[in-house]
Amino acid sequence: MAPANCCPRWTFRLLPYPWQQPFRASEHGFILLLVPLLATLTLALVDGALAATPTSPLSPLPTTSQPSLPPSEAPLPPSEPSWPPSEPSWPPSSGGAAITIRGKLLYRTTWPNGTWLLSSVNGTSTSYTLPYQPIEARSGNEIPPGQYVNLTCFLPNDITTMCSNITNARIYLAAAPMIATNVTLRVLVMVVSINKTPGRRCSAVKGANVTQIKDAFLGPGGYADFFENCSYGRMVFDRQMLTVEPIVIPCIETNLQCTPEIISNAAMKYLPQEISTGEYSHLLYVFPDDKEFGNKCNPSPGLGEVPGPNSWYWSSHSTTGPQPSW
């Protein structure tokens, strides 16, 4: 039983991610494939029988001559169907390029069905969004998050990083075991605000109160107390290491398009140089307390990666109990 001060209103859970069922060929599929073969064989036998039938002794009826048509108007003879029929192309053409990418498979807790993505693609900081959970090409099993995967991504155009289809997914490096006990969390919280860009039609959005955010973690009954109490001391915050840093992003960075990745990349771009993200185990991004901005950039009040160091929150929920992803 959890300690008495493990308040039930602090519910930290992950949205279930959708499990894709691999395609299984039916046991009757082979029989169905024989149907066109049997039909063709039957037609061939009938044609052969008709050809071998002797002509009637009766004299043929006179035929009336038909005026000959010019070659351009003459009907074309029916073309014989090709056999065997050509197989449909798979995967279907996406109108763009097919590229081979590799990286770490992550699951993001977006509402309502979650999102799969491949991060650190080909050794870079780029992430590619996948249309569904990858299926291992050799075993036919769903690949769980955390594995390092190589796959073919079909892009609808040359500027997007959202795969319209994926094939040939293979695990090239197994994930390290997840450590769930005796964990010390070193957390960097970036409180994002938006500054107006001169000459651009976008407005400033004020960020959350940095002091209130820090108190939500380190104050009495805050996140640090919650984790320590409910884990019986096996998962604790490094209180000295916890850093809450305000980040000001020009509105031009999010004016045309706004996604969690764009917020993360912009925050890293304007993070003070004396702060090294490599010293932290988890990175938290707190969105401005603006509903329109939040709906545009992140419809979910709380968003996390499994497994992954990144989490995103609306500031209006940050002091009332968001759902961290660790």
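Taking other C-beta atoms within 10 Å as the exposure proxy, GLU279, GLU261, GLU305 rank GLU279, GLU261, GLU305 from fewest upward. Residues with beta-carbon under 12 Å from that of SER311, excluding SER311: net charge, scoring Lys, Arg +1 and Asp, Glu -1? Cβ neighbours under 12 Å give a net charge of 0. Pairs LYS214/LYS269; LYS104/LYS291; LYS214/LYS291: which exceed 26 Å Cα-Cα? With Cα atoms farther than 26 Å apart: LYS104/LYS291.
Mind sorting TRP116, TRP312 by how few other Cβ atoms lie within 10 Å of their own Cβ, fewest first?
Values: TRP116 23, TRP312 29.
By the 10 Å Cβ count, ascending, the order reads TRP116, TRP312.
Rounded to the nearest 20, the size of the Cβ-charge dipole of segment 183-318 about its Cα centre is 380 debye, with Lys and Arg at +1 and Asp and Glu at -1. Provide the percentage of antiparallel DSSP beta bridges, counting only those with both residues in segment 183-318; round to the nearest 5. Beta bridges within segment 183-318, antiparallel portion: roughly 15 percent.
Note on ILE99 and ALA176: the model spin-label points, each 7 Å out from Cα along the C-beta direction, lie 2.8 nm apart.
Expressed as a whole percent, the proportion of Cα-Cα pairs in segment 98-173 lying more than 19 Å apart is 26%. Cross-link partners for LYS296 among the lysines, with Cα-Cα distance under 16 Å and sequence neighbours closer than 8 places in the same chain left out: LYS206. The value of relative contact order for segment 110-237, using C-alpha pairs under 8 Å at least six residues apart, is 16 percent.
Across segment 98-173, the mean sequence separation of Cα contacts (distance under 8 Å, 6 or more residues apart), normalised by length, yields a relative contact order of 32 percent.
Each of ILE159, TYR128, GLY103 was scored by the projection of its Cα onto the charge dipole of segment 98-173, and the greatest displacement toward the positive side belongs to GLY103; charges sit on the C-beta of Lys, Arg, Asp and Glu. With R₀ set to 51 Å, the beta-carbon distance separating ARG138 from THR211 gives a calculated FRET efficiency near 0.40.
Taking a ≥ b ≥ c as the square roots of the Cα gyration tensor eigenvalues, segment 139-275 comes out oblate, since a/c reaches at least 1.5 and a/b does not exceed b/c.
Taken together, the values in this text are just the output of simple stated rules run on the coordinates, not laboratory data. In this text, all values refer to a predicted model and were calculated from it rather than measured experimentally. Backbone-built Cβ (ideal geometry, glycine too); neighbour counts: all protein chains shown.
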